[in-house]
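The values are calculated or read from the model by the stated rules, or taken from the named source; none is laboratory data. Computed from a predicted structure; not experimentally measured. Heads up, the Cβs are rebuilt from the backbone with ideal geometry, glycines too, and the neighbour counts pull from every protein chain shown. Ligands, DNA and RNA are excluded from the accessible area calculation, which covers all protein heavy atoms including side chains. Shrake-Rupley method; radii C 1.70, N 1.55, O 1.52, S 1.80 Å.
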Amino acid sequence: MNSNGAIRIGFYICHCGTNIAGVIDVDAVAAYAASLPGVVLSRDYKYMCSDPGQDLIAQDIREQGLNRIVVASCSPLLHERTFRGAVERGGLNPFLVHMVNIREHGSWVHEDGGLATTKAMDLVRAAVRRVVHHIPLERSRVPVHPDVLVVGGGIAGIHAALTLAAAGKKVTLVEREPSIGGHMAQFDKTFPTLDCAACILTPKMTAVKAHPNITLWTYSEVTAVKGSVGNFTVTVKRKPRYIREDLCVGCLECIDACIYKDGKFADEFNLGLSKRKPIYVPFPQAVPAVPVVDPEHCVHLKTGKCKDLCVQICAERNAFDFDQQPEFIDITVGAVILATGFTTFDAKRIPYYGYGVYPNVYTALEAERLVNASGPTGGEIVLPDGRAPASVAIVHCVGSRDADYNRWCSRVCCMYSLKLAHLIQEHTKAEIYNFYIDMRSAGKSMEEFYNRVSEEGVHLIRGRVADIYPETANGKDGHIGRVIVQAEDTLIGRIRKIPVDMVILSVGLQPQDDAEDVRRMFNISCSAGGFFLERHPKLAPVNTFTDGIYLAGACQGPKDIPDAVAQAGAAAAEALALIDAGFVELEPNTAYVMEEECSGCKSCIPLCPYSAISFAEDVLKATINAVLCKGCGTCVASCPSASIRQHLFEDAQIFSEIEGLLTHA
Amino acid sequence: MDPHAQASADWRPRIVAFFCNWCTYTAADLAGVSRLKYAPNTRVIRVMCSGRIDPQFVLDAFTRGADGVLIGGCHPGDCHYSEGNMKLLRRVHLLRRLLGDMGIDEQRLRLEWISAAEGEKVKTVVNDMVATLQKLGPLAFPERAAAWDLEMDEFERALAPAAALEEVTHG
Amino acid sequence: MLATEEAVEQMWGVTLDRLYDSEEGRRILSCIQCGTCAGTCPHGEHMQYPPRRIITMLKAGLIEEVFASDSLVMCVNCYACQSKCPRNIRLTEILLPLVKEQTIVRLPQMPPELQKAVENSYRYGNSQGESARKRALWTKTATVPIRILADDPRPVDALWFVESDLAFHPRGQDVARATARVFDALGADFAILGNEERTAGDCGRLSWEPGLSEALIDYTMSILKKYEFRRIVVSDPHAFDAFKYRYPMFGFDETVESTVSYVHRDLEKIRPRLKKRLEYTVTYHDSCCLGRHNKLFEEPRELLLAIPGIRLVEMVHTRENGLCCGGGGGGMWLDTYYKARGIERLSDRRVREALDTGADVLAIACPYEISRFEDAVKVAGAEGRLRVRDIMELLVESFGDA
Ligand SMILES: Cc1cc2nc3c(=O)[nH]c(=O)nc-3n(C[C@H](O)[C@H](O)[C@H](O)COP(=O)(O)OP(=O)(O)OC[C@H]3O[C@@H](n4cnc5c(N)ncnc54)[C@H](O)[C@@H]3O)c2cc1C
Ligand code: SF4
Ligand code: SF4
Ligand code: FES
């Protein structure tokens, strides 16, 4: 290896097809680089990140005795790893390379080629000066804890957990609600195949419960996360259900026994379309099949005075425990998969659609419950007054594609609206009117599904609904009056005012209300709309910027079940790759103390968020534990005697960069 | 020749930017991926966290001829290392005072919290800062510093006999 | 979407050929042809080219065909399309007025009523064609003293811009007198321009010829320069809108408030005076300019609810989704034109909605509406069943000492 002695820098600039070369004069930059002190070789190449591009570097190192490399191309966040690898293959320490970002920060954001070229030259000059100060570094390794945490038990979380468990990994699945299943558990059938949701979901749910490698904690939430990749300590709060899961056999006799003979309180799972008792399971196939007691309404919990018929019937099974308290449990895992899903747009926010005002205006999720055979009406589509509707309007894009609400297309609404059209027509023979802006049927079998529903005679009207109002002033004789759905039929250029018995609002998908808190807790980022941000949309779609934390399902963005499951598989694979490697290599960008210079003032010690700095009482100097240090560099910048330094971000490196940027050669 | 010595018609402000790896640098990448267009006046130096930014970096940039320094970090509460950005904020407050004493307009040092999703904000902040600096004109700190050095030299020369005397008395 | 002053500022002086020079104008390119604008427009079904089609025609270079149709004569400037457009396209603020101007210029014959209103405004400073010297006449029958600045030019806190409908129309004058009483009860320091006032110019150039509105704006600005005041309080929402969004183009930068918010701010001062119970069921009609365009939804309702005894009920179309009375954008002078084309008057539709609520009072805060709705009540044969009252009138009625 030739890292000492005379500095011999190799410089490479990438065309990236026309991505860079179309704006920046790469020849000029290469020629300029060749003129800089220390540069002994300067090349341009169409695609530096391709194999031949990388080989070029490795070969030049060997043949030309290069000992520092500068690559001007895309963002180091994308390809730093690639070029470090190339340098290593050339026989040089991988940390002797530095990248210059002339694509994301250059050709893609500037229109004036001349100015973009000047900027590139400035950056190259800075990099050439900086790389001189690079020294060989070694990566340290930390072992990876083999267990995985999956947060959220919708279809995505379920699939990820089962995949990992099948690979022999121990998984803890934490679900906030009393049962796993997520939104899919609420559906009757699923597009595009129209297969029964319960038939495909229930077996997976029971498999979760049965799998020896999965610990299922429902009615639980993560409250704190510490540590980092390979070694997270996670605190989970288990809310009291007042029934011991280990003793309950799931006979549900207690629910029948409850002093409330009928349901009295809004049933969350049915979105308030039915009533439940203070002791309940959210739905018949719930997993675990253990009831929950709702402390807001349970007479025993509220007053202490109840006949406790439930407890009596439970008898020797002895599963009741009214003294249960929230429990906080710490677990250690090496990786985390977030699968917290989505919530639907609140239709009340668009007042002119009359949700919450007219009793016959429903959301799609409510409609899903109505068409569900195990739903509040046993699968009958009926209005609140008990009649079956003769006409139904389905309004697409509610809250989506709208600058005043959510800008994005929610991706699944067109297809689920067609699904509902089909199901309701099948159940009621009603006339169905789907009002859409654009019919989005991308994806396997979706266009075919669209064809099928069109052929069934559903009226498809191209126009966004502009107004919904009652046909007559007041509902007569207790009947719920029809409402008029008004829109421009843009294909015939007429305003249509269609009176219907029932309206279904196809509400869009949006981030969970607490997505921001969850994001903070796991130290990841969100995209502009608030969904969790993937590391790279194409190259790392289930990774986050925090190593060891992966994304699956609709928490990353609106998607359908097939995509959610595919993504869950990918997230599980990423976690497996991490665990099976057994260790992670840490970026050697840790801070270290120059002992001779440390004055022992201790001011750095409280600055470190990871308590990596301690005070060596024997020598009265600070010392840094490299394993704990995450490399933020805060202590480095704060040390009054400048005696803390940071690998890869040495003062000398940064000062030479500043100097390089501002001094014209 | 230093092309920045006078405010000629084609003078363009030079901005040295320090962006943290996790939020603002990523946001700048996002601006690129989204093909947003902004002024080509910034030169970004990547640090892992805005907490790494030493006031010396900023001063050095000004003394070497930067017309402005832009610091970008994660929003409060969002720092990848929990609160490096808050540590930086404290430093920036002190630094502002110092810059004021040095006659450097406070608008020349700008601190912005830009999250990884805010590519658009990179664009608006850079454009806005360029417009501000365009109005303020060149800082030309190296020239000023050279003038100060001259002054100091003369001052020292004037003091020299006295100092020599002092030495004599001491000795 | 609603107006922001900055956004409107961007569009000052914009013409159709320079539409894409500004960010606000370029928004038009993002239209997704959803038809919400056409679907919500109260006259949408009568327009050959509703806003959605105007945008496609413009993009296709066929805008002349739009000018040649009379589609935009139907636009009553109600902001409904703009407020619902999912792409936040500034239809009512920017695009439609530009198209409307060109449409009216090309009409073979200007609708006579509109023509008359324009001429009157030129000659007399009011669309009614009343003598400018009679503008302050109503003050003679007011029960509180009203300072006229020409007579007493001392600085004043609130310069009350009365506007023509309040000054000349007999029912408007009732409202003017009531407003004066409310101001007096607030202990407000207020004064009017009196005969020096001329119409502020509708919502600016939105309905008529730009030349006329510019002349009126110039005039009003020059008169205002003569006096010292802290704010202008405007009774007519159309004039309020003009002061807020159109006048600033010409350098106007005074504080503007609508009568409703001015009174609302000091509601507590008059609350003790609201003694007489008014056992009315009231429904409130949101004027487009106050409501949709300036988001004053709660203030007028809170004023009404401050009156003891009043029960407030809502019409089907309310607040953001309110239905225009049909008077805006020149609609005030186009009733005959619309009628000839078989278009039902919006005020008739609105009054039916009011009747459907079972209310006995239709409360309003815009002087156009008094005459429009009172007429529509007659048409509906509901005289005696539904009374049209300005909020200021109801407040005064509750003072109980008139
Ligand atoms: C009306 C409607 C109909 C649809 N119909 C279809 C269809 O027919 N076909 C189809 O393919 N797709 C359909 N979809 C889309 C489908 O719902 C999603 O693709 C799917 O639910 C995504 O699964 P998920 O696991 O990512 O999220 P979710 O189903 O939302 O599950 C997320 C789970 O995480 C839990 N959770 C959330 N936050 C936390 C937390 N902080 N801690 C612990 N747990 C948490 C939730 O309680 C939930 O159980 C439809 C969507 C809607 C709105
Ligand atoms: S509402 Fe807006 S987006 Fe929709 S057609 Fe009209 S102008 Fe276009
Ligand atoms: S402003 Fe009102 S009347 Fe004019 S086009 Fe828009 S919705 Fe129609
Ligand atoms: S990581 Fe962005 S400011 Fe600390």
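Quick notes on this one:
- Extension gain, C:Lys275 to C:Lys295, is 4.3 nm, computed as 0.36 nm per intervening residue step minus the present C-alpha separation.
- Within 10 Å of the Cβ of each residue in B:27-40, the mean number of Cβ atoms contributed by other protein chains is 6.
- Per-residue shielding of A:459-467, expressed as the average number of other chain Cβ atoms within 10 Å of the residue Cβ, stands at 6.
- Among the listed pairs B:Lys37/B:Lys135; A:Lys170/A:Lys204; A:Lys559/B:Lys37; A:Lys419/C:Lys59; C:Lys100/C:Lys244; A:Lys169/A:Lys226, those beyond 28 Å (Cα-Cα): A:Lys559/B:Lys37; A:Lys419/C:Lys59
- Take the Cα of A:Met594, step 7 Å toward its Cβ, do the same at A:Asp385, and the gap between the two points is 8.6 nm.
- Taking the average, over residues, of other Cβ atoms within 10 Å as the packing measure, peptides C:330-340, C:240-250 rank C:240-250, C:330-340 from highest down.
- For chain A, the longest principal axis of the C-alpha atoms and the axis of helix A:561-581 are separated by about 40°.
- Spatially proximal lysines relative to A:Lys621 (Cα-Cα < 23 Å; intrachain offsets below 8 disregarded): A:Lys602, A:Lys630, B:Lys87
- Between the amide H of C:Met315 and those of C:Tyr284, distances stay under 5 Å, these residues lying 5 or more places away or on another chain, with hydrogens modeled in the peptide plane.
- Listed by chain and number, the lysines whose alpha-carbon sits under 30 Å from that of A:Lys307, ignoring those within fewer than 8 places in the same chain, are A:Lys239, A:Lys261, A:Lys264, A:Lys275, A:Lys277.
- 10 Å Cβ neighbours from other chains, averaged over peptide B:80-86: 5
- Estimated from the Cβ-Cβ distance and a Förster radius of 45 angstrom, the FRET efficiency linking A:Cys251 and A:Glu456 is about 0.55.
- Contact-buried residues of segment A:82-130, at a threshold of 50 Å² lost accessible area versus the chain by itself: A:His105, A:Trp108, A:Val109, A:His110, A:Leu115, A:Lys119 (1.4 Å probe; DNA, RNA and ligands ignored).
- Estimated FRET transfer efficiency when R0 is 30 angstrom, pair A:Leu273-A:Lys209 (beta carbons, to 0.05): 0.65
- Helical content of the protein assembly as shown, expressed as a calculated mean residue ellipticity at 222 nm, amounts to -10000 deg cm²/dmol (DSSP H runs of 4 or more residues, -39,500 (n - 2.57) each, divided by residue number, nearest 500).
- The distance between label points at C:Lys134 and C:Lys59 comes to 5.3 nm (points 7 Å beyond Cα on the Cα→Cβ vector).
- For chain C, the per residue solvent-accessible surface stands at 37 Å², with DNA, RNA and ligands left out and a 1.4 Å probe.
- For A:Glu431, the residues whose amide H sits under 5 Å from its own are A:Ser391, A:Val392, ignoring neighbours fewer than 5 places away on the same chain, with H placed 1.01 Å from N.
- Using a Förster distance of 22 Å, the FRET efficiency for B:Leu136-B:Arg97 (Cβ separation, nearest 0.05): 0.70
- The long axis of helix C:367-379 is offset from the longest Cα principal axis of chain C by roughly 90 degrees.
- Modelled spin-label separation between B:Ala147 and A:Lys261, with each label point placed 7 Å from Cα along the Cα-to-Cβ direction: 9.7 nm.
- Solvent-accessible area, 1.4 Å probe, carbon plus sulfur percent, for segment C:5-104: 47
- Mean Cβ neighbour count within 10 Å, used as a protection proxy, ranking A:332-338, C:104-110, A:373-379 highest first: A:332-338, A:373-379, C:104-110
- Loss of accessible area when B meets A, both sides summed, Å² nearest 100, probe 1.4 Å: 4400
- Extension reserve of the A:Ala577-A:Ala528 stretch, reckoned as 0.36 nm per residue once the Cα distance is removed: 14.7 nm
- Backbone phi angles across segment C:281-293, fed through the Karplus curve with coefficients 6.51, -1.76 and 1.60 (θ = phi - 60°), yield HN-Hα couplings of 9, 10, 10, 10, 9, 6, 6, 4, 5, 6, x, 3, 7 Hz in residue order; Gly and Pro are listed as x.
- For segment A:415-429, the residues whose backbone nitrogen is under 16 Å from a point 7 Å from the Cα of A:Cys199, taken along Cα to Cβ, are A:423.
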